[in-house]
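Working notes, beginning with the structure itself.
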Amino acid sequence: MPTAIEYFKFLPKTNCGECGHPTCLAFAMQLANQKASVEECPYVDEEAKRTLQESSAPPVRGVTVGAGEGSFRMGEETVLYRHERRFVNPTAYAVAIPDVLPAEQLKALAQSYLDMSFERVGMTFDIDMFAVFNASGDAERLRSAAVALDGMCSKPLMLIGAGAEDLRPAAEALQASRPLLYGADKGSISSMAALAAELGLPLALRDGSLEGMAELVEAARGQGAEDLVLDLGSDSMRHVLERNTVARKASLKRSFKGLGYPLMNLVGSGEEAMKLAMLSTMKYGSLVVFDSLEPQQALPLMTLRQNIYTDPQVPIQVKQGLYPINGPGEDSPLLFTTNFSLTYFTVRADIEKSRIPVWLQVVDTEGLSVLTAYAANKFGHEHVAAAFEASSALESTSGPVVAPGMVAKMSGKLEEAVGRKVLVGPMESGSLPKFLKNLGV
Ligand code: SF4
């Protein structure tokens with residue numbers, strides 16, 4: 001990616017401010033941080049724009065699979081390590097559905113995966129894609145299975161077949177839904193790439209060697225297929241780690257365009273598949289395909305993905321506001337906490353456990369936890385009082401106000417600010433059920 005100085009060279013240096021930044025250098029710094037677009041300066045000429053856009057294109061091409069609500073992006077990564085900036089597009093998880101299943105069984109299997117949904121710190125996790133594979137060897141059967149799955153959900157599909165002729169009927173029928181075609185190898189690259197280019201669909205290539213894959217990429221591009229996904233094999237943990245890492249390093253560190261595409265792994269099922277899937281999630285896999293997946297396997301995997309793909313500079317937050325828990329009334333206690341998602345959901349779960357009706361005021365602390373926000377002067381009595389005011393919290397209840405034990409110090413000033421008695425709650429949220437029961441409200 002160009003540095004701020006490299007961007008600066010192309011700017012007019014008049015500091016007119018029309019881009020919304022006080023100087024051209026300030027604008028260049030925003031460009032380098034990917035927080036602005038070169039289009040925002042009306043004075044950059046077209047040739048400079050083209051040069052800048054080409055040099056700032058992500059070294060890993062972005063590929064969209066699916067259309068509409070369930071579609072997702074893969075690739076567009078710019079760093080090897082999350083802490084350098086952030087990872088962009090989370091690993092997607094697909095499960096395989098064989099086209100040999102009778103229609104009812106096929107739908108029942110798909111529905112069981114669609115029902116596999118989890119909530120964690122305010123986010124919903126579920127399966128991202130179905131991989132329909134042509135186990136029957138009959139192109140018409142693949143088409144009818146794919147059409148049935150496409151009709152029952154908005155999830156993108158991956159169509160797996162031995163060659164272009166097996167995939168063509170399903171690919172044509174679902175062209176508007178933008179399925180991913182899998183998987184072109186040395187023998188089928190020409191016809192598969194031609195099919196992908198003709199229908200404008202993304203294409204997955206498979207080859208266990210880096211050199212072989214680079215050749216397939218060149219061949220696919222030569223046929224006009226640009227949206228590619230690379231499967232370098234998943235024989236073992238070592239294989240996945242080595243191939244995925246070398247491919248990603250080659251594209252990011254050596255600007256080698258031949259491997260600058262999203263990576264995928266077909267991991268099978270069972271315990272070994274989980275290890276491979278976790279490794280792929282941690283090491284640059286954009287898509288992991290399972291033969292089957294159980295809920296007890298999916299939840300830890302999706303939690304791992306959430307941890308890796310959150311922006312390390314932007315904590316997950318909930319909205320400031322007054323949240324009723326367990327059906328509170330006019331005299332229920334009023335607790336408050338910060339808008340750091342993990343804090344909010346922990347406190348909420350502990351209050352729910354108590355079964356005692358409570359109003360919980362969430363204060364916007366820019367996603368900081370209680371002690372950090374207090375130390376950063378974002379969670380003082382004045383912030384809490386302002387949040388109460390904004391949500392009319394004190395009008396909603398005449399019950400006691402309870403401050404988190406960790407910020408007991410603010411209780412005196414908060415009492416003065418809100419004109420209400422402030423009790424000090426426990427240090428740890430886990431003690432809230434006992435504390436609330438002892439309140440006797
Ligand atoms: S609009 Fe262009 S010329 Fe004006 S300050 Fe911004 S970058 Fe500089």
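The values are calculated or read from the model by the stated rules, or taken from the named source; none is laboratory data. The structure presented is a predicted model; accordingly, all values stated were derived computationally and were not measured. Positions of Cβ are backbone-derived with ideal geometry, glycine not excepted, and every protein chain shown enters the neighbour counts.
List the residue pairs whose Cβ atoms are under 6 Å apart, where the first residue sits in region 3-17 and is more than 10 Å from the ligand (Cβ to nearest atom), the second is hydrophobic (A, V, I, L, M, F, W, C), and the two are 6 or more positions apart or on different chains. Once the first residue is more than 10 Å from the ligand (Cβ to nearest atom) and sits in region 3-17, its partners that are hydrophobic (A, V, I, L, M, F, W, C) give T3/A32; A4/A28; A4/M29; A4/A32. Just one of the listed residues (E69, E77) is closer than 30 Å to A196 by Cα, in the same structural domain as L299 (by TED's automatic domain parsing) and in contact with a Pro (Cβ under 7 Å, 6 or more places away or on another chain), and it is E77. Flag not set for V79, criterion: touching a Leu at 6+ places or on another chain (Cβ under 6 Å) and either within 14 Å of the ligand (Cβ to nearest atom) or touching a residue at least 60 places away in the same chain (Cβ under 8 Å) (or both). Given the criterion buried (at least 21 other Cβ atoms within 10 Å of the Cβ) and aliphatic (A, V, I, L, M), identify the matching residue among V384, V424. Testing whether each residue is buried (at least 21 other Cβ atoms within 10 Å of the Cβ) and aliphatic (A, V, I, L, M) leaves just V384.
The set of residues in region 18-32 that are near the ligand (Cβ under 8 Å from one of its atoms) and within 23 Å of L252 (Cα to Cα) contains only A28. Within region 45-76, can you find the residues that are in contact (Cβ under 8 Å) with a residue 24 or more places away in the chain, among the hydrophobic types (A, V, I, L, M, F, W, C) and closer than 15 Å to M1 by Cα? Residues satisfying the conditions are L52, V60.
Annotation for region 52-65: at least one member residue is within 14 Å of the ligand (Cβ to nearest atom) and either over 26 Å from G268 (Cα atoms) or more than 27 Å from the chain's Cα centre (by Cα) (or both).
Residue by residue, here is whether (1) free of Cβ contacts under 8 Å to residues at least 40 places away in the same chain; (2) surrounded by 20 or more Cβ atoms within 10 Å (Cβ to Cβ); (3) among the hydrophobic types (A, V, I, L, M, F, W, C); (4) farther than 30 Å from T78 by Cβ holds:
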{"site": "V288", "(1), (2), (3), (4)": "no, yes, yes, no"}
{"site": "L304", "(1), (2), (3), (4)": "yes, no, yes, no"}
{"site": "P312", "(1), (2), (3), (4)": "no, no, no, no"}
{"site": "P328", "(1), (2), (3), (4)": "no, yes, no, yes"}
{"site": "E352", "(1), (2), (3), (4)": "yes, no, no, yes"}
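Among the residues of region 330-337, is there at least one that is among the acidic types (D, E) and assigned by TED's automatic domain parsing to the domain that holds I160? Looking through region 330-337, none of the residues is among the acidic types (D, E) and assigned by TED's automatic domain parsing to the domain that holds I160. For region 405-426, give me the residue count where each residue is in a loop (DSSP other than H, G, I, E, B) and either modelled with pLDDT of 95 or more or not assigned by TED's automatic domain parsing to the domain that holds E395 (or both). Of the residues in that region, 2 qualify.
State whether one or more residues within region 217-230 are crowded, with 16+ Cβ neighbours inside 10 Å, modelled with pLDDT of 95 or more and among the basic types (K, R). No. Take the residues of region 33-42 that are hydrophobic (A, V, I, L, M, F, W, C) and more than 8 Å from the ligand (Cβ to nearest atom): which is nearest to the chain's Cα centre (by Cα)? Selected residue: A36. The sole residue among Q313, Q296, Q306 that is in a loop (DSSP other than H, G, I, E, B) and among the polar types (S, T, N, Q) is Q313. Number of residues in region 49-75 that are surrounded by fewer than 17 Cβ atoms within 10 Å (Cβ to Cβ), touching a helix residue (DSSP H, G or I) at 6+ places or on another chain (Cβ under 6 Å) and closer than 21 Å to P12 by Cβ: the value is 1. The residue that is farthest from M129 (Cα to Cα), counting only those in region 76-99 that are of a type in the set (V, I, T) and crowded, with 16+ Cβ neighbours inside 10 Å, is T78. D350 meets each of the listed conditions (1) out of contact with any Leu (no Cβ under 6 Å at 6 or more places or on another chain); (2) in a helix (DSSP H, G or I) apart from (1). Could you pull out the residue among Y374, Y323 that is modelled with pLDDT of 95 or more and either in a helix (DSSP H, G or I) or exposed (fewer than 15 other Cβ atoms within 10 Å of the Cβ) (or both)? Just a single option satisfies the conditions, and that option is Y374. Does E119 qualify as being acidic (D, E) and either free of Cβ contacts under 8 Å to residues at least 12 places away in the same chain or not assigned by TED's automatic domain parsing to the domain that holds N265 (or both)? The answer is yes for E119. Apart from one condition, D45 fits all of (1) in the same structural domain as S280 (by TED's automatic domain parsing); (2) over 23 Å from L228 (Cα atoms); (3) not hydrophobic (A, V, I, L, M, F, W, C); the exception is (1).
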